[in-house]
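Contents: one structure, followed by commentary.
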Amino acid sequence: QELMGYNLVVITNADAQAVGTNGRMLLEEYVKNGGSLLICGGPYSFGKGGYKGTALEKLLPCEMTGTERVKVEGENILKPAAGAEKILPDDLAWDVQPRALFHHPVRPKDGALVLAAIGDKPAVLAWNCGKGRVAAMAITAEGQAGDGQLAFWEWGDWPRLMASVMRWLTAEQGK
C-alpha cells in the first residue's frame, strides 16, 4: 500500500539482491497496478546485477543479451530513435553529439519504444507494463569522453531528456 503512494521509483546501478526478493515482488505489483519505474544502468545493474529470472527482468522494456556492460566500440553518439517524439521534446540539441561510452547489451521487447540509441544499440527504452510504465537507461554514466567530445551526462539537454521520460512515466496514472 505504501509503495502505491509514490509517483515514481528509481533504481540506479543496483543489483537484484540489493532490492531483495520481497522488494522485487512489491515493485512488480506496484508497476502492474499503475506505478512508474525508472531503471538506470551502471556496473552493478541489468545482467551483472542478477536481473535475469527475477521480477526486475519481467518489468524491463528490454531483454538482456549479455551479462556485462560493455565499452561502446565504434559509433557512440546518442541519437533520437524513430518514434521518440512521442515522449521526448523535438528541440533537444542532438547536434552537439552527446556520447555514451558504456552500454548494457539489450534488445527491445515487443511493444517497447526505443527513445534514443547509440548506433544500432538501444540506449533509452520505455513501455507500458500492466497499468504502469517502465523506462530503462541501458547506458551508464561512466568513462572519459575523448578530446572535443561530450559525455551524455554532461550534455546540457540530458536533464530535459530525463525530465521528459519521467513526465511520461508518471502521466495519466491517476495519482
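The values are calculated or read from the model by the stated rules, or taken from the named source; none is laboratory data. Keep in mind that this is a model prediction, so the values were computed, not measured. Note that each Cβ is placed from the backbone with ideal geometry, even for glycine, and that neighbours are counted across all protein chains shown. Note: accessible area is taken over every heavy atom of the protein model, side chains too, but ligands, DNA and RNA are not part of it. Shrake-Rupley method; radii C 1.70, N 1.55, O 1.52, S 1.80 Å.
Can you give the extra length, in nm with one decimal, that the chain gains between residue 2 and residue 144 once fully stretched, where that is 0.36 nm per residue apart less the Cα-Cα distance?
So the extension gain works out to 47.1 nm.
What Rg and what Dmax come out for the range 54-155 when only alpha-carbon atoms are used, in angstroms?
Rg and Dmax of the range 54-155, Cα atoms, are 13.7, 45 Å.
Quick check for you: with a 1.4 Å probe and neighbouring chains kept, what is the accessible area per residue of the range 16-175, in Å²?
Values: 7460 Å² over 160 residues.
That works out to 47 Å² for each residue.
Which value results for Rg/Rh of the range 117-175 when Rg is the Cα radius of gyration and Rh the Kirkwood radius based on the inverse mean 1/r?
Value, to two decimals: 1.06.
Where Rh is the Kirkwood radius over the Cα pairs of the range 44-107, the temperature 4 °C and the viscosity 1.567 mPa s, what D in µm²/s does Stokes-Einstein return? Don't skip to the end; give the middle numbers.
On the way: Rh = 13.7 Å.
Roughly 95 µm²/s, to the nearest whole number.
With no solvent and one equal point scatterer per Cα, compute the Debye intensity ratio I(q)/I(0) for the range 1-53 at 0.14 Å⁻¹ and report its log10, rounded to two decimals.
Computed log10 I(q)/I(0) values: -0.35.
With a 1.4 Å probe and all protein chains left in place, how much of the accessible area of the chain comes from carbon and sulfur atoms, in whole percent?
48 percent
So what does log10 I(q)/I(0) come out to for the chain at q = 0.08, 0.11, 0.12, 0.19 Å⁻¹, using the Debye formula with one equal point on every Cα and no solvent?
-0.22, -0.43, -0.51, -1.27
Mind ranking 121, 32 by accessible surface for me, highest first, 1.4 Å probe?
32, 121
Along Cα→Cβ, 7 Å out, is where each label goes; now give me the distance between the ones at residue 65 and residue 93 in nm to one decimal.
3.3 nm
Once fully extended, how much extra length lies between residue 162 and residue 131, figured as 0.36 nm per residue of separation less the alpha-carbon to alpha-carbon distance?
Contour length minus the Cα-Cα distance gives 9.0 nm.
Expressed as a whole number of Å, what is the distance separating the alpha-carbon centroids of the range 120-175 and the range 16-90?
11 Å
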